[in-house]
Every structure is written in structure tokens, then in C-alpha cells.
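Working notes, beginning with the structure itself.
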Amino acid sequence: AKKFLLAKHFQGEPKENDFQMVEETLPSIKDGEYLVEAVFLSVDPYMRAYAHNIPEGSLMVGGQIGKILESKNSKFPVGKYVFGDFGWCSYTINDGNAPDRKGPRISPPFVLPDFGNVPLSVGLGALGMPGLTAYFGFLDICKPKPGETVCVSGAAGAVGSLVGQIAKIKECKVIGIAGSDEKGSYLTDVLGFDKFVNYKKDNIDKKLTEIAKDGIDCYFDNVAGEISTTVMKHMNIKGRVSVCGSISSYNFDYVHDPPKVTVPFPYILNKNLHLQGFQSSLYIHRFNECFTQMLQWINQKKIRHPETITTGFENMPKAFIEMLQGKNLGKAIVKV
Ligand code: NDP
């Protein structure tokens, strides 16, 4: 079995030699245990943010979908597929409980429900944690109404691409902010977003003045920083902001050199904005509700689930680094 350890805490952007791949021979399974072979592994921004919480030399945190190869646990039968926060490892022995590790979102593993004709990898995206995040983080916090204008940053990623599509289902006008024109064309031409801002090229303030003439009612924020301050300048009175992520600051050293932030507070104050942060784990007890609706929308072709798949377990660090650099469109996944 292969696994990746966090060899060194990241300084700035993660680098390939911050990781170390090691091999080990696993013991035989005991009563109550089962053996899983990783099929698809997830690489997510939170791994960058949380890596400083785990000691150097620890297994990298992360979720995966695996196939059960052997089992002495009747709840986890051989041949079924399971989602688990098993970390960056190619094989895992688990006893049905959440792995005993420090880290985010460590929840107990579960056998995946039937996806019908939808590919299994979507269990790491629209039918998994990013789907839960987009669905409740947007609907529950932004409470969109038909005809309202919704802006989403990180719009071409796993969560953002879903939020924009859900906003279209809810009959909103949708503006996406992302880092390249190729991503922008995909958002408008394929996913049905109304407008697009390339934050690396456009003057965001000027562009929003042109394309959000009626102001912005809902903002789903995946990035924070300057982009978000500028969006808030364009929000309407009593607008709602769902604070999902702050990827623009994940490479900062919060201890020694905290980021110098732009200040959105006058906009929050003067426009009576409602801001709410949330963790997807807050909604885990409503997973089935979200799963059923997302699966229906996927089958009705109302929701697409773009993926960027990197092949080879040994390419986990590369896939992770490239996702942080914005090379992914939709959910970034590693296929073993
Ligand atoms: P994505 O698939 O969106 O991948 C990350 C994307 O972030 C990149 O593709 C890149 O796209 C963009 N990005 C990278 N650096 C910057 C920057 N400095 N400024 C603006 N954009 C940047 O990841 P996810 O959809 O999985 O996650 C999106 C956000 O949601 C993250 O902040 C994540 O931490 C958060 N999140 C929060 C959860 C919660 O429970 N609250 C759960 C899941 C995710 P581009 O080319 O556009 O730059």
C-alpha cells in the first residue's frame, strides 16, 4: 500500500517535495474490519488551509471513493463502493468508524447510494461534499429569489460551478468570477451563466458596473480578499453573502506574516448586508435531501458536473498543486 505523508509544512505555495510517498505492507483484516482499494481521491483547497494543523510526517488528510476488497464487517460488503476520509492512501483497513486523526471533516465512512447512470467520480463532486456545500451554502444562506442577481467567485471550480447552475435553476441572473477566458466561455456557453468576469485581466469594479446594472443581491464567496471587497461594493441593500471559502489567502503565513486585507466593512454596514460563514459539515444530517435533488437535476441535465481528472496515485501532489494554481475546471480528482 502506498501513502503520502506531509513531509514539511507548506511555506507559501505547496511544492512536490513537501510530500513524501511511502510504501507499507498492511496486516490481515480483523473481525469488524474491511479492506478498501482507493479508486478516486479528492484534492481540495481545505487541505492547504488545514495542513498546518497536522504534524510533519502525518498522513495527508483527504476523502476518497474506494472499492471494498475484503470484509469482516456486514455493513461494508465486498464489492460495494465506500466514501471515507481515509487520507492520501491507496489501500485502507477501516472498522466502520471515522479514522482517528486530527483534521477537518473527519466523518464516519459510508457505503455509497446508487448513482444510476451517473459516474462514480461524481461522488467526490456534485453528489458529495462540494454538492452539499453548494446546495445548502447557497440556498440556505443566500435565499435567492427569481429575478435576483447572483454573483459567485471561484465560479469555474467544484463548488462555484454548481452554485451558478443552482442559481439558474432558481431563475436568477448569474455572474461568475474566475481566472481565465477559457473558464469564462465554459461558464456562459456550457453552464448557462449570464456574465463572466476574468479577475486576472478585467478591472472587476468597472466590469461589474457594466454587467450588474441592477446591483448584486446574493454573493457566494469562495475566495475573499480584494475580489470580494469589490463585489460587496456592488451589492444591493440587504444583500446576502455566503462566506464559503477564502482561497486567496490560504498561502499566507497567518502566524508570522498575516495578510493585509482590503476592508469590506463600510459596504457591509451601509448596505445592511447579511454575511454568514458556514462549514459543509453543518449540513451533513441533510445529506440525503441534497443527494436526491442533485441526482434528479443531473438526470434532468439541469446540472453538469465538470471534472479535471489526473491519473496515477503518485500524482496526488501534482494534482493538488495544479488545483490551487487554477488549472482545474470543475472538481479536481485523482484516478488511481
Ligand atoms: P475549486 O475547484 O474552486 O479549486 C480552487 C480554485 O480556486 C482554482 O481552480 C482557482 O481558479 C481558484 N483560485 C486559486 N487561487 C485563487 C486566488 N488567489 N484568488 C481567486 N481564486 C483563486 O475548489 P473547491 O470548489 O473545492 O473550493 C472552492 C472554495 O470553497 C475554497 O475556498 C474552499 O476552501 C471552499 N470550500 C468550503 C467549504 C465549506 O464547508 N465552507 C467546503 C468546500 C470548499 P481560478 O482559475 O478561477 O483562479
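The values are calculated or read from the model by the stated rules, or taken from the named source; none is laboratory data. These numbers come from a predicted model, not from an experiment. With ideal geometry, Cβ positions are generated from the backbone for all residues, glycine too; neighbour counts draw on all protein chains shown.
Checking VAL82 against (1) outside the structural domain of ILE216 (by TED's automatic domain parsing); (2) in contact with a strand residue (DSSP E or B) (Cβ under 8 Å, 6 or more places away or on another chain); (3) in a loop (DSSP other than H, G, I, E, B), which test does it fail?
Going through (1) outside the structural domain of ILE216 (by TED's automatic domain parsing); (2) in contact with a strand residue (DSSP E or B) (Cβ under 8 Å, 6 or more places away or on another chain); (3) in a loop (DSSP other than H, G, I, E, B) one by one, VAL82 breaks only (3).
For segment 185-207, give me each residue that is closer than 26 Å to HIS274 by Cβ and surrounded by fewer than 17 Cβ atoms within 10 Å (Cβ to Cβ).
Residue satisfying the conditions is ASP205 alone.
Could you tell me which residue of segment 306-336 is nearest to ALA155 (Cα to Cα), considering only residues that are within 11 Å of the ligand (Cβ to nearest atom), in contact with a Phe, Trp or Tyr (Cβ under 9 Å, 6 or more places away or on another chain) and in a loop (DSSP other than H, G, I, E, B)?
Result: LEU329.
Name the one entry in GLU210, GLU171, GLU182 that is modelled with pLDDT of 95 or more, within 13 Å of the ligand (Cβ to nearest atom) and surrounded by fewer than 20 Cβ atoms within 10 Å (Cβ to Cβ).
GLU182
Of (1) part of a loop (DSSP other than H, G, I, E, B); (2) of a type in the set (A, V, I, L, M, F, W, C); (3) over 27 Å from VAL111 (Cβ atoms), ILE303 satisfies all except one. Which?
Only one criterion in (1) part of a loop (DSSP other than H, G, I, E, B); (2) of a type in the set (A, V, I, L, M, F, W, C); (3) over 27 Å from VAL111 (Cβ atoms) is unmet by ILE303, namely (3).
Taking the conditions exactly as written (surrounded by 24 or more Cβ atoms within 10 Å (Cβ to Cβ), more than 16 Å from GLU307 (Cβ to Cβ) and touching a residue at least 12 places away in the same chain (Cβ under 8 Å)), does VAL159 satisfy them or not?
no
If you go through segment 140-156 one residue at a time, how many are away from the ligand (no atom under 14 Å from the Cβ) and more than 24 Å from LYS200 (Cα to Cα)?
Counting residues in segment 140-156 that are away from the ligand (no atom under 14 Å from the Cβ) and more than 24 Å from LYS200 (Cα to Cα) gives 6.
Filter segment 263-286 for residues that are in a helix (DSSP H, G or I) and touching a Phe, Trp or Tyr at 6+ places or on another chain (Cβ under 9 Å); which is nearest to the ligand (Cβ to nearest atom)?
Result: SER280.
Exactly one condition in (1) within 16 Å of the ligand (Cβ to nearest atom); (2) in contact (Cβ under 8 Å) with a residue 40 or more places away in the chain is not met by ILE298; state its number.
Going through (1) within 16 Å of the ligand (Cβ to nearest atom); (2) in contact (Cβ under 8 Å) with a residue 40 or more places away in the chain one by one, ILE298 breaks only (1).
Suppose the filter is part of a helix (DSSP H, G or I), crowded, with 17+ Cβ neighbours inside 10 Å and at pLDDT below 95; does SER228 pass it?
No.
Could you tell me whether segment 232-241 includes any residue that is more than 16 Å from the ligand (Cβ to nearest atom), among the polar types (S, T, N, Q), surrounded by fewer than 19 Cβ atoms within 10 Å (Cβ to Cβ) and under 22 Å from ILE141 (Cβ atoms)?
For segment 232-241, residues more than 16 Å from the ligand (Cβ to nearest atom), among the polar types (S, T, N, Q), surrounded by fewer than 19 Cβ atoms within 10 Å (Cβ to Cβ) and under 22 Å from ILE141 (Cβ atoms): present.
I want to confirm something. Restricting to segment 247-262 and keeping residues that are outside any loop (DSSP other than H, G, I, E, B) and under 18 Å from the mean Cα position of the chain (by Cα), which single residue is surrounded by the most Cβ atoms within 10 Å (Cβ to Cβ)?
ILE247
For segment 1-25, name all the residues that are without any contact (Cβ under 8 Å) to a residue 24 or more places away in the chain and assigned to a strand (DSSP E or B).
GLN20, VAL22, GLU23
Listed here are the residues, each with its yes/no results for (1) at negative phi; (2) assigned by TED's automatic domain parsing to the domain that holds GLY63; (3) out of contact with any Cys (no Cβ under 9 Å at 6 or more places or on another chain).
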{"site": "GLY116", "(1), (2), (3)": "no, yes, yes"}
{"site": "ASP140", "(1), (2), (3)": "yes, no, yes"}
{"site": "GLY154", "(1), (2), (3)": "no, no, no"}
{"site": "SER180", "(1), (2), (3)": "yes, no, yes"}
{"site": "ASP189", "(1), (2), (3)": "yes, no, yes"}
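So if I check each of ASN272, ASN222, which one is in contact with a Gly (Cβ under 7 Å, 6 or more places away or on another chain) and at pLDDT 95 or above?
ASN222
State all residues of segment 265-295 that are aromatic (Phe, Trp, Tyr) and without any contact (Cβ under 8 Å) to a residue 40 or more places away in the chain; if no residue qualifies, say none.
Result: PHE265, TYR267.
For segment 324-333: of the residues being within 14 Å of the chain's Cα centre (by Cα) and more than 18 Å from ASN17 (Cβ to Cβ), which is surrounded by the fewest Cβ atoms within 10 Å (Cβ to Cβ)?
GLY326
Consider segment 26-57. How many of its residues are surrounded by fewer than 15 Cβ atoms within 10 Å (Cβ to Cβ), in a loop (DSSP other than H, G, I, E, B) and within 16 Å of the ligand (Cβ to nearest atom)?
Adding up the residues that qualify gives 0.
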